[in-house]
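Asks: Have a look at the structure that comes next, please.
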Amino acid sequence: MSKTYPIHHITLTVNDVKANTEWFQNVFGPADLVEREFDDFSRTRMTWPNLDDLRIAVMSHNAADRTSKFNPMQPGLDHLGFECKTPEEVREWATRLDGLGYVHGPVEDVPYAVTVTARTPDDIAIEFFFPK
């Protein structure tokens, strides 16, 4: 197959759906929400029409071990990277994260990119990335 397709949505398993929904909305702004409760899990899907219909869902399984957090050293997801159009946009995200009181790494200017990384309440790394 020669065609590639954009990602429609990303769903992350988290310990606290409400806390993560709040975190993402604080970072990206208010989203359209679809909240669903099932017998064994709950999920909130967030859509940002003003961000090209970016869709991120967070879900929590009732049987999950709530004492553990995300670990990028284990097989599975390492981080989510969001492309920025300019290096200044990366710096704007860092300033926004500061304004929200969210801890983040330094703005890094390396040979291939300018980046800044923050972490969700479950320690999932979210990177804002300008490719050089």
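The values are calculated or read from the model by the stated rules, or taken from the named source; none is laboratory data. Fair warning: this is a prediction, and the values are worked out from it, not measured in the lab. Cβ sites come from the backbone with ideal geometry, for glycine too, and all protein chains shown count toward neighbours.
Residue-by-condition table, conditions (1) modelled with pLDDT of 95 or more; (2) of a type outside the set (S, T, N, Q); (3) on the phi > 0 side of the Ramachandran plot; (4) in contact with a His (Cβ under 9 Å, 6 or more places away or on another chain):
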| residue | (1), (2), (3), (4) |
| --- | --- |
| 10 | no, yes, no, no |
| 15 | no, no, no, no |
| 34 | yes, yes, no, no |
| 40 | no, yes, no, yes |
| 45 | yes, yes, no, yes |
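Asks: For the range 83-91, does any single residue satisfy the condition of being of a type outside the set (Asp, Glu) and in contact with a Leu (Cβ under 8 Å, 6 or more places away or on another chain)?
Replies: no
Asks: Here's another thing I want to ask about it. Pairs, please: C-beta under 6 Å, at least 6 apart or cross-chain, first residue under 20 Å from residue 38 (Cα atoms) and in the range 48-71, second among the charged types (D, E, K, R)?
Replies: Partner pairs satisfying both residue conditions: 57/43; 57/45; 59/43; 62/40.
Asks: Continuing with this model, one more query. Of all residues being in contact (Cβ under 8 Å) with a residue 12 or more places away in the chain and of a type in the set (Gly, Ala, Ser) in the range 76-100, which is surrounded by the fewest Cβ atoms within 10 Å (Cβ to Cβ)? Just the residue, please.
Replies: 81
Asks: Being surrounded by fewer than 17 Cβ atoms within 10 Å (Cβ to Cβ), assigned by TED's automatic domain parsing to the domain that holds residue 11 and not small (Gly, Ala, Ser) is true for just one of 52, 123, 109. Which residue is that?
Replies: 52
Asks: Residue by residue through the range 85-125, note down the ones that are assigned to a strand (DSSP E or B) and more than 16 Å from the chain's Cα centre (by Cα).
Replies: 108, 109, 110, 113, 114
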